Amino acid sequence: MRGGAVNGFVSRAARGCAWLSGGAAAVACVLSLGAWGSGDLLGRIALWGWTAAGAAVLSTALAAWAQREAGPARSGAGVSGPGARGAEWLGPGGSGPKSGGRSGVTTRPGAFGVRAREVTVWLLIALASATLLVASFQQHHREPEPELRRAGAVVAAAVVAHAPSGVQAHTSEGRVLGWTSRLELTVPGSAEPVRASAYTYAEPKAGDRVLLLHAPSQPALEGRVDERKDLRSVAGPGSWEPFPQVDEARKAVLLATLLMLFVLGAGLAATAVMDPEELRALPRSGRARLCWTAALLLALALHLPALYGHPHPVAGAPAWISCLLPALGRGAAYAVVRGLS
């Protein structure tokens, strides 16, 4: 009796950790979508990411322990072959298998309940896939603001002292979108000129006045001029704003939206072809949980370095594959459970 109570507690703890992992991942995704240039937010995103990963690992370990304690007969009860696909799986009103609970009898969730759970999971997977894509896109456009912020960056009005170097026009369909260059700037109160990389909407020239983000305490750090951004918000405390780099975000938003729709559609189709009893078996299958957790950890490992200012380890086609890792992991879990039925 005591062993059954302990096993029930462990099973509930495993489910609680799974929900904690999903909630933490959702928070990290939402924060990440507004983290462009907000240095303080990157640490918070990493914290929520580690929380999601830790809870997922703990959930898998607890579920494996509960399955081992329950014994093979009980662990296989969720998938009992074609003969079990009768009225007991039809829905919440069916007379499904019972198990002891606080009142002695607890009805297992019906078909609608398990499918609703999977829809929620696939919504989170679609959001995570889109966020990972945006994160890789952001890394491609990453600028030196995090280093400047850590050095106590401030924004000052500056004047271009000499003719710019490395001037390059950025065009799209024959139209000039902006100019990148390297500038040498004079700043009031500074004895030495400040070197900065720049993005301006007009071709820069000597005598132009610009806003400069720089670190007076560390003059060796290259400053930044970027007319696409609100540099004062970049220099200030991190704050959440959805896609503050509007010019650079348009492509990312479009691709992320398409990816979300694709992942969600594929997930809903996969859920529709799964039998409710197979979906019920997902939380109890150690191999299914292992596939799912391993995919999440690999996705986190590939994208987490970017939150600490390191180069993104994947780009191009591998980046797309890494964005699909959560969906692939869930699909592998489906395949494992379906193979056991």
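Go through segment 281-291 and give me each residue that's at pLDDT below 80 and either among the hydrophobic types (A, V, I, L, M, F, W, C) or touching a Leu at 6+ places or on another chain (Cβ under 9 Å) (or both). So that I can check it myself, show each step before the final result.
Step one: of segment 281-291, the residues at pLDDT below 80 are 283-286.
Within segment 281-291, SER285 is the sole residue that qualifies.
VAL155 falls short on exactly one of the conditions (1) at pLDDT 70 or above; (2) crowded, with 19+ Cβ neighbours inside 10 Å, and that condition is (2). Residue count for segment 270-292 under the criterion of being crowded, with 22+ Cβ neighbours inside 10 Å and among the hydroxyl-bearing types (Ser, Thr, Tyr): the result is 1. Out of everything in segment 174-230 that is under 37 Å from the mean Cα position of the chain (by Cα) and among the β-branched types (Val, Ile, Thr), what residue ends up being surrounded by the fewest Cβ atoms within 10 Å (Cβ to Cβ)? This residue is VAL176. Counting only residues that are open to solvent by 50 Å² or more (accessible area, probe 1.4 Å), part of a loop (DSSP other than H, G, I, E, B) and at pLDDT 90 or above, segment 164-173 holds 0 of them. Could you tell me whether segment 45-55 includes any residue that is farther than 30 Å from LEU254 by Cα, touching a Phe, Trp or Tyr at 6+ places or on another chain (Cβ under 9 Å) and either buried (at least 20 other Cβ atoms within 10 Å of the Cβ) or at pLDDT 50 or above (or both)? The answer is yes; a qualifying residue exists. Pairs linking a residue in segment 177-193 that is more than 10 Å from PRO204 (Cβ to Cβ) to a residue that is part of a strand (DSSP E or B) and aromatic (Phe, Trp, Tyr), with Cβ atoms under 8 Å and 6 or more positions apart or on different chains, are GLY178/TYR199. Filter segment 308-325 for residues that are modelled with pLDDT under 70, open to solvent by less than 40 Å² (accessible area, probe 1.4 Å) and outside any loop (DSSP other than H, G, I, E, B) and give the result. Residue satisfying the conditions is ALA319 alone.
The values are calculated or read from the model by the stated rules, or taken from the named source; none is laboratory data. All values derive from a computational prediction rather than experimental measurement. FYI the Cβ positions are ideal-geometry reconstructions off the backbone, even for glycines, and counts take in every protein chain you see. Calculation scope for accessible area: heavy atoms of the full protein, side chains included, ligands and nucleic acids excluded. Shrake-Rupley method; radii C 1.70, N 1.55, O 1.52, S 1.80 Å.
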